[in-house]
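K.L.:
Next up is a structure, given as structure tokens.
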Amino acid sequence: MNRHQLPNDSPYSESQYAWLSGFFAGLHSQLVSNTNNQTQSAHTVHILYGSQTGTAESLARDVAKSAKAYGLNPIIKSMDEVDAGALAKIDTLLIVTSTYGDGEMPDNAQVLWTEVSGDAMPKLAQLQFAILALGDTSYDLFCQAGIDWDNRLEQLGAKRLHARVDCDVEYEELAQKWMQTVIPSLAGSHAAVITAEDTKDVSQYNRKNPFPAKLLINRLLTSENSSKETRHYEISIAGSGLSYEAGDALCVVAANCPKLVAEILKAINAQGNEFEHALRKQFEIKLPSKELLKEIAVRSGNKELARVLKDKEALSNYLWGRDILDLLLQNPTATFSADEFLALLKPLQHRAYSISSSGKAHPETVHLTVASVRYDAFDRHHKGVCSTFLADLTDESTEVRCFFTPNKVFRVPDNNDLPMIMVGPGTGIAPFRAFLQERQVRGAKGKNWLFFGDRNAATDFIYRDELEVMGKSGLLTRLDLAFSRDQAEKVYVQDKMREHGAELFGWIEAGGYFFVCGDAYHMAKDVDKALHDVIAVHGNKTEQQAIDYLNLLKKDKRYVRDVY
């Protein structure tokens, strides 16, 4: 500290100023030394996340905040930012991972998992670890990615710090308990005291407190005589303080159809406003839980249902098109009291939709592109929960309770000059409409190529007018269309990719980003295979070289998927 840092009218002599200067300089040095010592002695904790939609990433960041609050030194990374060699040098590891598809690793974890699960992976005797797994008990392979990591690390000789915790869709409480056990144990006896709130982002509106938005626009996109119904929605978030980025998802908390509620109450011979409200707002009444299925099988003596419950594929086929009401009507001898019935239901979950607008272009509204689920089966008309809540049960006076889920990987490239390739058939076009709006707002010069398709051009070419305007303006450099039923032989987006493979590979070689949105089980797998083939053929690569090339694209976050 020098004299000029003291007030000009300080009543000190020159010798007193000199003494004070030395005193404060020494004090400052001691403080710096103490800070450096604390930083150097802080135990480093590596936090890796495997995330498909952003939930596991967000939770991993909460874990990092908690670790920092306890005096630890957290290093947080996506699994695609680490290779097997780096993993072998880590001594303390916390993993937060979701499970994607049919028990698979999330996209950003696949490359690392392939290395770690291979025979060449060295032992990890120096490693201590704990795993927090996210999943959904309505799927057979619940939290399978977390289970696989847990088993593999144990096989490699790593020491488990804490038993793996498997979280269902209501994950907050279990995740918080896991953090409050694992983090203090790593920090030791001198840990600070934190509360659950210390690890959460301060936000007025979130999953536990959705924003009561208003629906401004509900517009049919497909023609009246289309074989499907796709709608465009615009929802106001004015006054919420919320914001979003192109690539994020909007989660909508729907209410169940009143008619379906009434029919279920009749089927179980129950009545009362309390039960009606519970079925309308609180419980999933379309998809049966495994517990409900087992009870129906036992109470009805339905041997076929009891048999298929033992076979995953047979059960899936049996349940195709069936909902809870179908099962109750088909098994009338399976009787339940209202309380017994409610106890066998799962909580009603929000539905997540890829946003079809850019937050920069539309800061006070959020746009959705949603296919209404409607079909006839088992002598009844069936409807999707949220898609028809928006289509049929919502008007300007209805609250659309919603919140945002960020997807920090599924983003328009930061470099506005790089090419962007987008594959989005059907409602998969949603985020790419947002991407194109984002590019326009930014004044980006990079080329944009969209692969889009559906059943018939005459009835299902959604956003046609907008896309044609984008094409004429030069924003949309190239549009390739695949309408599967407009010719004798069906044509899909993956066929168009192969047809124009040379140019597609050229765009990728020029630094292009490749994005996919849509059905995970069929389309996304077919597109992945087509991309692999394009790279192998037009890059003149062997099978393994093509795989390595694709893996590098994933690692560089230039091949990213938003699939469901």
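FYI, it's all coordinate maths here, none of it is from the lab. Computed from a prediction, not measured in an experiment: that's the story for all the values here. Because the Cβ atoms are built from the backbone with ideal geometry, glycine has one as well, and the counts that use them run over all protein chains shown.
K.L.:
Can you list the equivalent-ellipsoid semi-axes of segment 39-132, largest first and in whole Å, using the square root of 5 times each Cα gyration tensor eigenvalue?
P.N.:
22, 18, 9
K.L.:
Bin by bin, in steps of 10 Å, what percent of the Cα pairs in segment 255-340 do you find, going until the bin that has the longest distance?
P.N.:
Going out from 0 Å in 10 Å bins, segment 255-340 shows 16, 51, 27, 5 percent.
K.L.:
Please quote Rg/Rh for segment 208-299 to two decimal places, taking the Kirkwood radius as Rh and restricting both calculations to Cα atoms.
P.N.:
1.07
K.L.:
Right, another one. Work out the charge dipole of the chain with +1 on the Cβ of Lys and Arg and -1 on the Cβ of Asp and Glu about the Cα centre, then indicate which of Ser484, Phe461, Leu325 is farthest towards its positive end.
P.N.:
Phe461
K.L.:
State which entries of Lys228/Lys525; Lys310/Lys557; Lys214/Lys525 exceed 28 angstrom in Cα-Cα distance in the structure shown.
P.N.:
Lys310/Lys557; Lys214/Lys525
K.L.:
Right, something else. I need the semi-axes of the equivalent ellipsoid of the chain: take the C-alpha gyration tensor, multiply each eigenvalue by 5, square-root it, list largest first in whole angstrom.
P.N.:
45, 33, 28
K.L.:
Show the residues, 5+ positions off or on another chain, whose built amide H is closer than 5 Å to the amide H of Thr99.
P.N.:
Those qualifying (amide H under 5 Å, at least 5 residues apart or on another chain) are Leu134.
K.L.:
Here's another thing I want to ask about it. Quick one: grab the alpha carbon gyration tensor of segment 420-563, order the square roots of its eigenvalues as a ≥ b ≥ c, and give me rounded if a/c is under 1.5, else prolate or oblate depending on whether a/b is larger than b/c.
P.N.:
Oblate, because a/c is 1.5 or more while a/b does not exceed b/c.
K.L.:
Given +1 on the Cβ of Lys and Arg, -1 on the Cβ of Asp and Glu, and no further charges, what dipole in debye does segment 258-343 carry about its Cα centre, rounded to the nearest 20?
P.N.:
200
K.L.:
Taking 41 Å as R0, compute the FRET efficiency from the Cβ-Cβ separation of His162 and Ser289 and round it to 0.05.
P.N.:
About 0.90, to the nearest 0.05.
K.L.:
Hey, got a sec? Which trypsin sites (Lys or Arg not before Pro) in segment 283-377 land in a DSSP loop and have at most 10 other Cβ atoms within 10 Å?
P.N.:
Lys310
K.L.:
Something else now. Mind checking which lysines have their C-alpha under 19 Å from Lys259, skipping anything on the same chain fewer than 8 residues away?
P.N.:
Filter leaves Lys281, Lys286, Lys383.
K.L.:
Among Ile429, Met523, Gly474, pick out the residue whose Cα is farthest towards the positive end of the charge dipole of the chain, where Lys and Arg carry +1 and Asp and Glu carry -1 on C-beta, about the Cα centre.
P.N.:
Highest projection toward the positive end goes to Gly474.
K.L.:
7 Å from Cα along Cα→Cβ at both Asp119 and Val169: what's the point-to-point distance in nm?
P.N.:
In this crude label model, Asp119 to Val169 measures out at 4.2 nm.
K.L.:
Here's another thing I want to ask about it. Rounded to the nearest 500, what is the chain's calculated 222 nm mean residue ellipticity when only DSSP H runs of at least 4 contribute -39500 (n - 2.57) each, over all residues?
P.N.:
Estimated from H runs of four or more residues: -11500 deg cm²/dmol.
K.L.:
Among Val423, Val491, Val63, Val563, which comes first, then next, by fewest other beta-carbon atoms within 10 Å?
P.N.:
Val491, Val563, Val63, Val423
K.L.:
Something else about it: From the residues His277, Leu242, Phe142, which one has its Cα farthest along the dipole of the chain in the positive direction, the dipole being from +1 and -1 charges on Cβ of Lys/Arg and Asp/Glu about the Cα centre?
P.N.:
In the chain, that residue is Leu242.
K.L.:
Express as a percent, rounded to the nearest 5, the fraction of DSSP beta bridges in the chain (both residues included) that run antiparallel.
P.N.:
Here the antiparallel bridges make up roughly 45 percent for the chain.
K.L.:
Let me ask something else about it. Could you name the aspartates and glutamates whose alpha carbon sits less than 15 Å from that of Lys177, not counting residues in the same chain fewer than 8 places away?
P.N.:
Cα-Cα hits under 15 Å: Asp62, Asp166, Asp168, Glu197, Asp198.
K.L.:
Right, next: For segment 343-355, take each phi angle, set θ = phi - 60°, evaluate the Karplus expression 6.51 cos²θ - 1.76 cosθ + 1.60, and give the result in whole Hz per residue in order, putting x for glycine and proline.
P.N.:
Values per residue, Gly and Pro as x: 5, 9, 9, 8, x, 5, 9, 5, 10, 9, 10, 5, 6 Hz.
K.L.:
Binned at 10 Å from 0, what are the whole-percent values of the Cα-Cα distance distribution for segment 42-199, short to long?
P.N.:
Histogramming segment 42-199 at 10 Å steps yields 11, 44, 35, 9, 0 percent.
K.L.:
With charges only on Cβ, +1 for K and R and -1 for D and E, what is the dipole size of segment 57-124 about its Cα centre, in debye, rounded to 20?
P.N.:
480
K.L.:
Under unit Cβ charges (Lys, Arg +1; Asp, Glu -1), what dipole magnitude, rounded to 20 debye, does the chain have relative to its Cα centre?
P.N.:
280
K.L.:
Give me the distance in nm between label points sitting 7 Å out from Cα along the Cα-to-Cβ direction at Asp379 and Asn269, one decimal.
P.N.:
Output for this residue pair reads 2.0 nm.
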